[in-house]
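Beneath this line is the structure, given in structure tokens, with notes to follow.
Values in this text are rule-based calculations from the coordinates and carry no lab data. Bear in mind that the values here come from a model prediction, so they are computed numbers and not experimental data. When we count neighbours, we look across all protein chains shown, and the Cβ atoms used for this are built from the backbone with ideal geometry, even at glycine.
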Amino acid sequence: MKSHIIEVRTGSVDIVLDLTARVAEFVRGEGYGLASVFVPHATAGVAILETGAGSDIDLLAAIRDLLPKDDRWRHRHGTAGHGADHVLPGLVAPSITIPVIDGSLALGTWQSVVLVDTNHDNPIRQVRLSFIPG
């Protein structure tokens, strides 16, 4: 298995960060197998969705509706409402797997690999990319 960690800066705003180009570069020339994208954080997730046409903004709006940053959360360290960030990986999983065909990600026309992060307390994230040959 080939594995590599990339570091990304998410800043201090809710973000859907497109990682597609970095994942595609990681598997380029690798033949056939599976690519895994995993975020080892308790307050972020990864997903496959369309970006640039509003779906990324809609996802963040839906997360804000489902997980408001208020005082309802039992998990109470960090900034106000931070407990919601700890529930996020239950909705947006911390890992995804993508088929790799002849060294290319087998994504649909409008699909992108994204990091979803609503935690303003941790602006730097690690993402583990792995390739398992088939």
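Given +1 on the Cβ of Lys and Arg, -1 on the Cβ of Asp and Glu, and no further charges, what dipole in debye does the range 69-125 carry about its Cα centre, rounded to the nearest 20? Walk me through the numbers on the way to the answer.
Working: 5 positive and 6 negative charges, 41 e Å.
Around 200 debye, computed over the range 69-125.
Taking R0 as 30 Å, what's the FRET efficiency between D121 and T97 from their Cβ-Cβ distance, rounded to 0.05?
Details: r = 29 Å, r/R0 = 0.95.
Efficiency for this residue pair is about 0.60.
Just one of (1) 97; (2) 161; (3) 152 is volume of the Cα convex hull per residue in Å³ as worked out from the coordinates here. Which one is it?
So the structure-derived entry is (1).
For A106 and D65, what does the FRET efficiency come to when R0 = 22 Å and r is the distance between their Cβ atoms, rounded to the nearest 0.05?
On the way: r = 32 Å, r/R0 = 1.46.
For R0 = 22 Å, the calculated efficiency reads 0.10.
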